[in-house]
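Structure record follows, encoded as structure tokens.
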Amino acid sequence: MARFRFALFVLAIVPSLATAQPAGMSTENVTVTGTGAREVLQKFVASFATATRMTGKLAHWEDGVCPITAGLGPLENRFVTQRVRDIAGKAGAPVNDQKSCRPNITIDFTTMPQAALDTVRKRHPSFLGYFDNSDQLEKLATVTRPIQSWYFTATKDVRGAMEPDKAMKTGLGVALDRDAEPGKFVFPSATAVNVTGTHLGDGLRSVFYHVIIVVDRTKLADYEIGSVADYISILALAQLSSLDTCQPLPSIVNMLAAHCDGKVEALTENDLGYLRGLYKMSPDRTMRTQLDEIAFQLELSLKNH
């Protein structure tokens with residue numbers, strides 16, 4: 001079967017393949033029964049989930065996703081972009097259908113991934129994600145994987161006001177306002193938010209503002225373009241952890257993790273079930289509640305498959 005480098009050539013000379021329906025999702029999954037079924041699903045969900053720094057909750061898209069792909073031929077770029085849109089629709093994520101929408105997911109195929117990221121670091125460091133200091137930024141701006149993603153997140157309060165997630169301003173945490181009435185203090189590092197004041201859900205939620213995905217073309221010669229597009233799609237829709245560790249259930253992310261049992265080359269029902277749960281969960285609840293809600297939706301998804 002044609003691999004990544006050859007698939008690009010085929011798509012370039014046979015336009016119909018670029019618009020054809022991508023291969024179906026992998027039906028490979030694990031059927032779990034008995035009292036341990038929910039525990040297996042919860043372990044899978046927990047292995048995926050990554051909380052944002054500011055709220056300690058899971059981020060997802062509230063604005064319609066608008067991906068753009070560069071670095072391949074025009075047909076291949078459109079193929080990857082459309083695959084992200086298709087999977088977003090299946091997952092229940094919002095999709096911006098306007099042709100001229102402003103991209104909020106940037107997918108860059110390149111032979112020099114570190115150089116591409118160095119440019120982002122120089123011009124838009126906040127787009128690489130949250131960092132407290134220059135050492136953290138340097139680590140964050142280092143390419144370590146053949147397909148890698150960076151997430152610029154924001155926090156929305158109960159009234160919908162949005163604040164980008166970034167480190168607090170340097171300097172004193174509390175200062176005397178010399179231009180105001182005597183004894184008045186200001187807090188230069190503070191951000192005002194509106195919350196509910198309850199323990200079940202404080203009204204704060206984490207959202208994606210922009211996602212950058214850099215793909216090292218030199219390390220993907222043995223992978224099909226459809227598999228690469230599926231891998232990119234899940235990174236574009238969810239901030240995942242443990243990408244270098246084998247997942248407890250079959251998953252597309254195992255494709256690039258070393259020494260995983262079973263070969264997975266397409267998005268699995270486990271992956272799609274997780275994404276559906278992520279986009280149905282209560283965004284303002286605690287992470288523990290969010291994980292339980294996702295595990296429940298994943299169980300329903302697998303039962304209905």
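Sort the following peptides by mean Cβ neighbour count (other Cβ atoms within 10 Å, averaged over residues), highest first: 60-66, 216-222.
The most tightly packed comes first, giving 60-66, 216-222.
Return 244, 284 ranked ascending by Cβ neighbour count within 10 Å, so the fewest neighbours appear first.
Listed from fewest to most nearby Cβ atoms, that is 244, 284.
Give me the extension gain from residue 305 to residue 86: residue separation times 0.36 nm, minus the current Cα-Cα distance, reported in nm with one decimal.
Separation in residues times 0.36 nm, less the Cα-Cα distance, equals 77.0 nm.
What does the charge add up to near residue 157, with Lys and Arg as +1, Asp and Glu as -1, over the other residues with Cβ less than 10 Å from its Cβ? Mind dumping the intermediate values first?
Numbers: positive: 156, 159, 205; negative: 163, 202, 284.
That works out to 0.
Would you mind computing, in nm to one decimal, how far apart the modelled labels at residue 101 and residue 280 are, each placed 7 Å from Cα along Cα→Cβ?
With each label placed 7 Å out from Cα toward Cβ, I get 2.2 nm.
Measuring from the lowest to the highest alpha carbon on each principal axis, how far does region 75-163 reach, largest first, in angstroms?
Computed over the Cα atoms, the extents are 42, 38, 23 Å.
For the pair residue 111 and residue 78, how long in nm is the line joining their label points, each one 7 Å along Cα→Cβ?
Calculated label separation equals 2.6 nm.
Can you compute log10 of I(q)/I(0) for region 39-89 with the Debye formula, treating each Cα as one identical point scatterer, at q = 0.19, 0.33 Å⁻¹?
-0.83, -1.12
Work out from phi, with θ = phi - 60° and the Karplus expression 6.51 cos²θ - 1.76 cosθ + 1.60, the ³J(HN,Hα) of each residue of region 292-305, listed in order in whole Hz, and give x for Gly and Pro.
Once θ is set to phi - 60°, the couplings for region 292-305 become 5, 5, 5, 4, 5, 5, 5, 4, 4, 4, 6, 5, 7, 6 Hz.
Using the structure shown, list the pairs from 99/280; 57/166; 43/139; 90/303; 43/303 with a Cα-Cα distance above 21 Å, or answer none.
99/280; 43/139
None of the figures in this text is laboratory data; all of them are computed from the coordinates on show. Everything numeric here is computed off the predicted structure, so don't read it as measured data. Positions of Cβ are generated from backbone atoms using ideal geometry, with glycine treated the same way; all protein chains shown enter the neighbour counts.
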